[in-house]
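The values are calculated or read from the model by the stated rules, or taken from the named source; none is laboratory data. Just so it is clear, the structure is predicted and the values come from calculations on it, not from any experiment. Heads up: the accessible areas ignore ligands, DNA and RNA and are worked out on the full protein's heavy atoms, side chains in. Shrake-Rupley method; radii C 1.70, N 1.55, O 1.52, S 1.80 Å.
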Amino acid sequence: FQPIKDLRTGRTSGVEAFVAVNPTDRLWFRTDYTYTEAHDAVTGLRLLRRPRNKVTFTAGWIPIDPLTLSATVLHVGEWIDGNRDFSIPRLVAPGFTVVNLAADYKVNEYAKVFARIDNLFDERYEDPTGFLRPRFAVYGGVRMTN
């Protein structure tokens, strides 16, 4: 008896890097980059749903002691995907870029008020293909600790 070899194997390699800079104790920047090569070990085709390029840029600022503001730009490059029912097994999914904003205000040692805007410019994108991601959205609330 000889077991059947699983042909669904992949080979993935890449690089992840970041740079963080704090020009002052109230201002910071961070950039993250990921490059991924992901291929089927048998066919050599790119694996599904693995973008080659992903970049994030975040800036944060504390204008007054209890208030923290931040902005993030996320860019995901194109990737190979199938449509929702995989009747088209391989297609190029377009990349996307979204901008998110956030604010936290420390009321006291026990309470923090927060607000967040996701997808500021109302980017329409699917990730994965066939599943539309949330559009412009606003969130807020209070975090309590003891």
Checklist outcome for this item: Expressed as a percent, the accessible surface of segment 91-146 that is carbon or sulfur, using a 1.4 Å probe and the full set of protein chains, is 56
Checklist entry - Per residue, how many Å² of accessible area does the chain show with a 1.4 Å probe? => result 71
Item to check | Ellipsoid equivalent to the chain - semi-axes via the Cα gyration tensor, in Å | outcome: 39, 19, 16
Checklist entry - What Kirkwood hydrodynamic radius do you get for segment 23-83 when you take the inverse of the mean 1/r over all pairs of distinct Cα atoms, in Å? => result 14.2
